[in-house]
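The values are calculated or read from the model by the stated rules, or taken from the named source; none is laboratory data. From a predicted model like this one, the values you see are computed outputs, not experimental measurements. Here Cβ is always computed from backbone atoms with ideal geometry, including for glycine, and neighbour counts include all displayed protein chains.
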Amino acid sequence: MTRQAYTYYPGCSLQHRSHAYESSNRNVAQALGFDLVEMDDWNCCGATEYFSLNRLPAYALVARNLARAANEGADELVVPCSACFLNLHKTDKQMAQYPDLARSVNQALAAGDLHYTPGTVRVRHLVEVIISDIGFTELATRITRPLYGLKLAAYYGCLIARPDSIFDSTEHPTTMDRLFEVLGAESVPFALKTFCCGGHMAQISAETGFEMIHKIVKNAAENGADAIVTVCPMCQLNLDVYQNSANKLFDTDYQVPILFFTQVLGLALGLKPSDLGIGQEFVDAMPAINKISEVPPPKPKRERRDKQALPMPVMPE
């Protein structure tokens, strides 16, 4: 049987600070029976700031990757980074909607003997590929070490959900929440699941950035989360690296590890923490991982109450 192979755009972050994400992506793909084939000669997506500085070079920078992928014969491009996913998806969509933009971008690409026809390459986030192409039912059969007893907060961040999520709700996504249940973990209520982590705000205005980080970590901790799980390298970096700085600013002592979704998936597939890059995080994840039980938690019993005994609702004045 031929293994499914996807053309893969890793992005800059996974080559350096977020190497743990790259390790877990590769090993999870191997365990699930598909290959991530890195596209040749890719370049940085420009992150988010470049578009506010000079739109045409920003679109051309991103479109070069789409053109390169198309030249390799790819009709899909799998992306693990939310910022990269947003920029690639947005560029393809905007070029399709605005012919003048497409012409200007292709004039720029022509300097490198490239051309991109909008709609040629479908941009997909890795989490959507795993959920859609493999599916929850099949994933459930692959679980060898259920994450019983582990309480996780699904943190999507703002870039994958907005402005137009192509595979989940923009305001209340549930893809990862459902995944956690398949893995045997508990998905805790998390109101700030699409709240912005601040991006580069920690370097621009530290106090503002730390306040945003603190709100997210506080909300997850107060809902009993053992860890926050994300799909975005920037979100993971901010919540992990600056968590103690936020603690100092607000006189708190939260120690909530920040993991990537492929790391918790890999654990449930029976992969070793070291193969998933666990141990590279600033806030140690092992205390949370050590909470994993071999026994599933008991199902909560439904309370039977006499309807006549229910208190009367308090009416607003």
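Values computed for the structure shown
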| read-out | value |
| --- | --- |
| Looking only at segment 44-69, and only at residues there that are touching a Cys at 6+ places or on another chain (Cβ under 9 Å) and part of a loop (DSSP other than H, G, I, E, B), the one that is nearest to VAL105 (Cα to Cα) | CYS45 |
| Test for TYR21: is it within 25 Å of CYS235 (Cα to Cα), aromatic (Phe, Trp, Tyr) and at pLDDT below 95 | no |
| Selection count, segment 10-36, where residues are hydrophobic (A, V, I, L, M, F, W, C), assigned to a helix (DSSP H, G or I) and within 17 Å of ARG142 (Cα to Cα) | 4 |
| Test: residue in segment 171-185 that is surrounded by fewer than 19 Cβ atoms within 10 Å (Cβ to Cβ), within 27 Å of LYS272 (Cβ to Cβ) and hydroxyl-bearing (Ser, Thr, Tyr) | no |
| Yes/no for GLY46 being of a type outside the set (Asp, Glu), outside the structural domain of TYR155 (by TED's automatic domain parsing) and under 23 Å from PHE195 (Cα atoms) | yes |
| Single residue of ALA69, ALA58, ALA31, ALA20 found to be touching a residue at least 60 places away in the same chain (Cβ under 8 Å), in the same structural domain as THR91 (by TED's automatic domain parsing) and under 21 Å from THR117 (Cβ atoms) | ALA69 |
| Matching entry among ALA161, ALA154, ALA202 (being assigned to a helix (DSSP H, G or I) and within 30 Å of TYR50 (Cβ to Cβ)) | ALA202 |
| Failed criterion for CYS84 (all others in (1) under 16 Å from the mean Cα position of the chain (by Cα); (2) surrounded by fewer than 19 Cβ atoms within 10 Å (Cβ to Cβ) hold) | (2) |
| Qualifying residue in segment 108-120 (condition: under 29 Å from PRO173 (Cα atoms), in the same structural domain as ASN25 (by TED's automatic domain parsing) and aliphatic (A, V, I, L, M)) | no |
| Boolean, GLU138 is farther than 26 Å from GLU72 by Cα and acidic (Asp, Glu) | yes |
| Condition met for ASN87 (within 19 Å of ALA161 (Cβ to Cβ), modelled with pLDDT under 95 and not β-branched (Val, Ile, Thr)) | yes |
| Filter pass, GLY149 being under 21 Å from PRO273 (Cα atoms), in contact with a Phe, Trp or Tyr (Cβ under 8 Å, 6 or more places away or on another chain), assigned by TED's automatic domain parsing to the domain that holds THR230 and surrounded by fewer than 21 Cβ atoms within 10 Å (Cβ to Cβ) | no |
